[in-house]
Amino acid sequence: MLSNILLITAVGLGSFRSVQSQSTPSICDNSTLLIDSRQVLTTAQECTAVAGDIVIQYASDYPATIEFPNLESIDGSFLSINFDEDIRVTRLSAPKLKSVTADVYISRWVNLTTINMPVLTTINRVRLNNLPSLTSANFLSTLESIENNYEVTNTSLKEITNDKLPFAVFVEIFDNKELEKFELKGLKNASYNVALRRNKPGVEVSLPALKEVFYFEFQRISSLEIPELERVIGHFVVNDSTVESLEAPKLQNVGLWYDPSISITNNRGLVIQNSGDSESLSFPVLEAVQLDLVIRNNSALRDISFPMLRRVTGNIGLEGTFESVRLPELDRVGGIFSLGNDEAGFNCGDLQAFKTNGTIRGEFSCPRYQELPTRSSSIGESEKEIKDWLNWASPSTGFESFRSMGAVAFAIGISTILLVL
């Protein structure tokens, strides 16, 4: 009796292994699963796990939807680039995919409208670019862990949102012609940059948990929420935008100078320019800016005030029709101080006092704007500039400069901290 049971069990296990081997094609174990025809796609659709990369190349016989109905994990990358313009595929779907060890990189599917990966949580890097018809990519919202980049370029997405992702190296959102909203609620740190460029004008940006970033650069935005931001290690730039009120209530430093051997290649520090709707700036605890502090061509701005700003390692450049400038704690400006103001009655006298008492190391120009000098890109010159700054001291002082006609205080401040470039 026992022997019969064992025999039945053995036969059953053999049948199970046979079915299992049939349901797991050998191509699933390839270091690269190359899909270049409908026939290969059909076989690959049986995979639940792939041991290496999935690479999708052009084939004329693909269906309108490329789907991997059983796929749960990829121990490599999910890649596809250089599809011809006439490819019929409009939808890419992997409804059970949870993790990709390396990258999700989809490029140049000009007719692709939808990427459906609703349970994908873990990848190394996402790169979506040159997908001009793409209107839906739900996995951008489900990601919980990413080791590297979060890049979305040249799509028709209207919203990019995520409330789970705490960290990324690069966050780059470029050339998205329909984008209206960008929101990463969980992002606390971006070790290289957060940058939006050349998207649809008027993007609403919300980064409510962000505390630290290296480079911070925004163009064509209509709002910016950064209530927890404390440190920008590189530069902070807002350009060509319609933000009416720009507030960074906890930002203390812009720029950290860690290594004198690293070349300084540009003048950017804290830069807010070409934003005609900006009526107010609020940087109440900003203490230091490295390299330059630049506020230019913001026609609605009337008052500039940086109440805690003490040091600007580079230059200060202010230009516009503002009525008042207040920098009560400023005691070191390593370069020039250039202020251009066509507002009748603006008083340069108190600002001149900064030059007289030695606070400003370079030239002082007011009310005529003098273009800021550029820096050498050589490591030797950068090292010399850093050492000169660190060895230079000036008397502590403060000032307030008001239009003689009135008392509207406007805050322009830019902080100096030591920046690694």
Checklist entry - What about Asn189, is it surrounded by 19 or more Cβ atoms within 10 Å (Cβ to Cβ), more than 15 Å from Ser275 (Cβ to Cβ) and in contact with a strand residue (DSSP E or B) (Cβ under 8 Å, 6 or more places away or on another chain)? => result no
Next on the checklist: If I filter the range 36-60 down to residues being within 16 Å of Leu79 (Cα to Cα) and of a type in the set (Ser, Thr, Tyr), which single residue comes out as surrounded by the most Cβ atoms within 10 Å (Cβ to Cβ)?
Outcome noted: Tyr58
Item to check | Conditions (1) farther than 17 Å from Asn129 by Cβ; (2) under 32 Å from the mean Cα position of the chain (by Cα); (3) not aliphatic (A, V, I, L, M): number failed by Phe83 | outcome: (1)
Checklist entry - What do you reckon, is Val89 assigned to a loop (DSSP other than H, G, I, E, B), closer than 21 Å to Asp103 by Cβ and aliphatic (A, V, I, L, M)? => result yes
Checklist entry - Of the residues that make up the range 61-71, is at least one in contact with an Asp or Glu (Cβ under 6 Å, 6 or more places away or on another chain) and either surrounded by fewer than 15 Cβ atoms within 10 Å (Cβ to Cβ) or not in a loop (DSSP other than H, G, I, E, B) (or both)? => result no
Checklist entry - Between a first residue in the range 30-42 that is on the phi < 0 side of the Ramachandran plot and a second residue that is surrounded by 15 or more Cβ atoms within 10 Å (Cβ to Cβ) and of a type in the set (Asp, Glu), which pairs have beta carbons less than 7 Å apart while being 6 or more apart in sequence or on different chains? => result Thr32/Asp53; Leu33/Asp53
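For every residue, the table says whether it meets (1) part of a helix (DSSP H, G or I); (2) buried (at least 18 other Cβ atoms within 10 Å of the Cβ); (3) at pLDDT 65 or above.
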position	(1), (2), (3)
Leu372	no, yes, yes
Lys387	yes, no, yes
Leu390	yes, no, yes
Ser394	no, no, no
Thr397	no, no, no
Checklist entry - Mind checking which residues of the range 226-258 are modelled with pLDDT under 95, closer than 14 Å to Phe216 by Cα and assigned to a loop (DSSP other than H, G, I, E, B)? => result Ile233, Gly234, His235, Gly255, Leu256
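The values are calculated or read from the model by the stated rules, or taken from the named source; none is laboratory data. Remember, it's a predicted structure, so these values are computed and weren't measured experimentally. Counting neighbours? That spans all protein chains shown, and the Cβs are built from the backbone with ideal geometry, glycine included.
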